[in-house]
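Colleague: Structure provided below as structure tokens; questions to follow.
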Amino acid sequence: MSKGYFGVHGGQFVPETLMNAIIELEEAYNTYKDDPAFNEELTYLLNEYAGRPSRLYYARHMSEDLGGAKIYLKREDLNHTGAHKINNVLGQCLLAKKMGKKRVIAETGAGQHGVATATAAALMGLECEIFMGEEDIIRQALNVYKMRLLGATVNSVTTGTATLKDAVSQTMREWTNRVSDTHYVLGSVMGPHPFPTIVRDFQAVISKEIKEQILQMEGRLPDAVLACVGGGSNAIGAFYHFIDDPDVALIGLEAAGEGADTDRTAATLTVGKMGIFHGMKSYFCQDDYGQIDPVYSISAGLDYPGIGPEHAYLKDAGRAQYYPVTDEEAVRAFEYLSKMEGIIPAIESAHALSYAMELAPKMGPDQIIVVNLSGRGDKDCVSIAKYRGESINE
Amino acid sequence: MSNIDKVFARGKAFIPFITVGDPDIETTEKLVYALEEAGSDLIELGIPFSDPTAEGPVIMGASERALQNSICTDDVFDLVQRIRKNTDIPLAFMTYANVIFSYSIERFAQRAQQAKIDAVIIPDIPFEESEEFEQIFSEFGVDFISLIAPTSRDRVKMIAQEAKGFLYCVSSLGVTGVRSSFSSNLEDLIKTVKQVRPSLPCAIGFGISNPQQAHEMAAISDGAIVGSAIVELVEQYGRDCVSKVKEFASSMKESVS
């Protein structure tokens, strides 16, 4: 009877008011996912509107400087709206249109998913409301402006820690308020079934392309694929088509904030334990009594106390490894890639780059690392400058 | 006959809700006795959760205040054990899945049984996920309460068929909190339930905030659940809320009967 489990993780832990909505969503998705017309329309949008396929770039300077494995960057930062988020929102908004929905709502942390959703809503003529933590609205003022420019309403969430987790809770509340004409465009591989599966499938285009591109360029599969993990959508997208290739190491990097051994961290798989929250059974940062911990990371996009159920399963199964990366390490990688390759990465993606910097020298020159560069870093410049003690005007 | 059955056998039920530890644990204890004296038939005790996704701002605020007082699940059980020395009034816990799951469902159910808790209401566990919880609570003689909502449609029969204790009928879309109108299909919803399970009591909750509404809701069901309106009084009057709550509860009980 229960659905959407990855091992012991997943499920559908939502109030009864939403059950028929997620059942209808699953039915619609099952109808359209194999529908040639739907897929043709989606592929057209991904290619002509969002600019796919994204490039797989050999980072020569970085590879030579680190001395070791060859490092390739999957350039999701070059997508329209500057991150991988557009892959999922184009799919979900198209699905919402097919289901006859008039309005979309979404949570956002860094603002990337909010901007992407507002973009797709503008494109497809859907009404759009975004829920964003008050703290994140301050950290990501430019993205807030963009969402409004794109015609969306941005609602400030002031409850709890006023960050991503509270934005998710508030969007769920709003969905129970107005469900019949509204689709919730969940931004990551989390929440109740069918979201973790739908979002994964829409993001799996990343690993599908990586595989084709690396086979063409190197004639072989990579030794490791690295991606940052908050909820886990860019990571699952980068991992998915390699899950059945046991020789490809899959490595997720989570935000340790000021350190996984401090209480200023968001390293869910390092410090969390099993729980039930936001519609799913998975790992969560929580206290002994199941109260969800306030989490922290310099990266608003990774500042989340849980992780998608499929990642929890991949960890349990030993198929993927997850390591914490601190603010300081991520900021160093942010600066390093900018200078070394002329690419300013999102601070989220910089967590994955940081681990690549550590891993590459331990590997041989005949080995290959692919890093999913999930987004670009323009949005982070002000806060990283501030982190380094420099004050700049936007 | 279980305690819950007895509640509804007496007539239309008035079921108030308070959050344990708001404004503090001593006041919660006094509130339970006051609510009993006001004629409440069953009292719902909310165990605070950091991120209550089915609650509106009022009950969210109560949870936050309770957690600021460092109220934890063990404190709640200790309180109920104290209360049980003074009263046998039927009690139900209302909380979120993670509070129970993290405590261990079995340990929670066992302590609930020891404290003579009659039922448990967990809004983020729908029918499809209920088995793991329902089975354990049933082993310990605690009714796992099912919810139906105006959006349940074809699910109503399936849920009613398996329901224990009473059925919690959500009055309208959205989260908890005071509202001026309710879903127009509530009567049909309850009619459907009664076709499947004529003897299953149905109580309506979410947003019932004045005697008129309580009267109307109890007229089409077996009882009215009142949360936010009481919690608002607790918020407004703090430790001095007991007499205000008692007065309000008496008027609500009267309009339900």
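The values are calculated or read from the model by the stated rules, or taken from the named source; none is laboratory data. All figures in this text were calculated on a predicted structure; none of them were measured in a lab. FYI the Cβ positions are ideal-geometry reconstructions off the backbone, even for glycines, and counts take in every protein chain you see.
Colleague: Looking only at the range B:163-171, decide whether some residue is modelled with pLDDT of 95 or more, β-branched (Val, Ile, Thr) and more than 25 Å from A:Gln12 (Cβ to Cβ).
Modeller: no
Colleague: Would you point out which residue out of A:Glu16, A:Glu40, A:Glu24 is touching a residue at least 24 places away in the same chain (Cβ under 8 Å) and more than 23 Å from the chain's Cα centre (by Cα)?
Modeller: Details: A:Glu16 fails: touching a residue at least 24 places away in the same chain (Cβ under 8 Å); A:Glu40 fails: touching a residue at least 24 places away in the same chain (Cβ under 8 Å).
Step by step, each of A:Glu16, A:Glu40, A:Glu24 is checked, and only A:Glu24 is touching a residue at least 24 places away in the same chain (Cβ under 8 Å) and more than 23 Å from the chain's Cα centre (by Cα).
Yes/no matrix, rows are residues, columns are (1) under 24 Å from B:Val58 (Cβ atoms); (2) touching a helix residue (DSSP H, G or I) at 6+ places or on another chain (Cβ under 8 Å); (3) among the aliphatic types (A, V, I, L, M):
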position	(1), (2), (3)
B:Ser172	yes, no, no
B:Arg197	no, yes, no
B:Gly207	yes, yes, no
B:Ala218	yes, yes, yes
B:Ser221	yes, yes, no
B:Met252	yes, yes, yes
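Colleague: Related question: At least 3 residues that are among the hydrophobic types (A, V, I, L, M, F, W, C) and out of contact with any helix residue (DSSP H, G or I) (no Cβ under 6 Å at 6 or more places or on another chain) in each: list the helices (runs of 4 or more DSSP H) lying fully within the range A:178-293 that qualify.
Modeller: Fully inside the range A:178-293 and qualifying: A:205-218.
Colleague: Select from the range A:312-345 the residues that are in contact with a Ser or Thr (Cβ under 8 Å, 6 or more places away or on another chain), within 27 Å of A:Tyr5 (Cβ to Cβ) and of a type outside the set (Ser, Thr, Tyr) and list them in ascending order.
Modeller: A:Ala312, A:Pro324
Colleague: Just need a number here: residues in the range B:69-89 that are part of a loop (DSSP other than H, G, I, E, B) and buried (at least 23 other Cβ atoms within 10 Å of the Cβ).
Modeller: 1
Colleague: Which strands (runs of 3 or more DSSP E) does the range B:143-211 wholly contain that include 1 or more residues that are away from chain A (no Cβ under 14 Å) and either buried (at least 21 other Cβ atoms within 10 Å of the Cβ) or within 18 Å of the chain's Cα centre (by Cα) (or both)? Before you say what the answer is, go through the steps one by one.
Modeller: Values: elements: B:143-148, B:167-170, B:202-205.
Where strands (runs of 3 or more DSSP E) fall fully within the range B:143-211 and carry at least 1 residues being away from chain A (no Cβ under 14 Å) and either buried (at least 21 other Cβ atoms within 10 Å of the Cβ) or within 18 Å of the chain's Cα centre (by Cα) (or both), they are B:143-148, B:202-205.
Colleague: Say whether the condition of being under 20 Å from the mean Cα position of the chain (by Cα), modelled with pLDDT of 95 or more and polar (S, T, N, Q) is met by at least one residue in the range A:59-74.
Modeller: no
Colleague: Would you confirm whether any residue within the range A:312-328 is assigned to a helix (DSSP H, G or I), under 27 Å from A:Lys386 (Cα atoms), among the acidic types (Asp, Glu) and modelled with pLDDT of 95 or more?
Modeller: Scanning the range A:312-328 turns up at least one residue that is assigned to a helix (DSSP H, G or I), under 27 Å from A:Lys386 (Cα atoms), among the acidic types (Asp, Glu) and modelled with pLDDT of 95 or more.
Colleague: Let me ask another. Just give me the residues in the range B:38-68 being away from every other protein chain (no Cβ under 13 Å) and surrounded by fewer than 19 Cβ atoms within 10 Å (Cβ to Cβ), in sequence order.
Modeller: Within the range B:38-68, just B:Gly39 meets the criteria.
Colleague: Could I ask something else about it? Looking at B:Ala13 and the list (1) farther than 15 Å from B:Asp222 by Cβ; (2) aliphatic (A, V, I, L, M); (3) touching a residue at least 60 places away in the same chain (Cβ under 8 Å), which single condition is not satisfied?
Modeller: (1)
Colleague: Scan (1) modelled with pLDDT under 95; (2) closer than 27 Å to A:Ser169 by Cβ for the single condition B:Pro16 breaks and write down its number.
Modeller: Every listed condition holds for B:Pro16 apart from (1).
Yes or no, residue by residue, for (1) within 30 Å of A:Ala333 (Cβ to Cβ); (2) in a strand (DSSP E or B); (3) within 13 Å of another protein chain (Cβ to nearest Cβ):
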{"site": "A:Thr17", "(1), (2), (3)": "no, no, yes"}
{"site": "A:Glu24", "(1), (2), (3)": "no, no, yes"}
{"site": "A:Glu27", "(1), (2), (3)": "no, no, yes"}
{"site": "A:Asn30", "(1), (2), (3)": "no, no, no"}
{"site": "A:Leu42", "(1), (2), (3)": "no, no, no"}
{"site": "A:Leu45", "(1), (2), (3)": "no, no, no"}
{"site": "A:Tyr57", "(1), (2), (3)": "yes, yes, no"}
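Colleague: Would you confirm whether any residue within the range B:94-101 is buried (at least 24 other Cβ atoms within 10 Å of the Cβ), more than 10 Å from every other protein chain (Cβ to nearest Cβ) and within 17 Å of B:Glu55 (Cα to Cα)?
Modeller: There is at least one residue in the range B:94-101 that is buried (at least 24 other Cβ atoms within 10 Å of the Cβ), more than 10 Å from every other protein chain (Cβ to nearest Cβ) and within 17 Å of B:Glu55 (Cα to Cα).
Colleague: Are there helices (runs of 4 or more DSSP H) fully within the range A:108-160 with at least 3 residues that are closer than 21 Å to A:Asp378 by Cβ and over 18 Å from the mean Cα position of the chain (by Cα)? List them. I'd like the intermediate steps shown before the answer.
Modeller: Details: elements: A:112-124, A:134-139, A:141-149.
Here the list reads A:134-139, A:141-149.
Let's see how each residue does on (1) under 30 Å from B:Leu173 (Cα atoms); (2) under 15 Å from the mean Cα position of the chain (by Cα); (3) in contact (Cβ under 8 Å) with a residue 40 or more places away in the chain; (4) within 14 Å of chain B (Cβ to nearest Cβ):
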| site | (1), (2), (3), (4) |
| --- | --- |
| A:Val185 | yes, yes, yes, no |
| A:Gln203 | no, yes, yes, no |
| A:Lys208 | no, no, no, no |
| A:Gln213 | no, no, yes, no |
| A:Pro222 | no, no, yes, no |
| A:Ala227 | no, yes, yes, no |
| A:Gly237 | no, yes, yes, no |
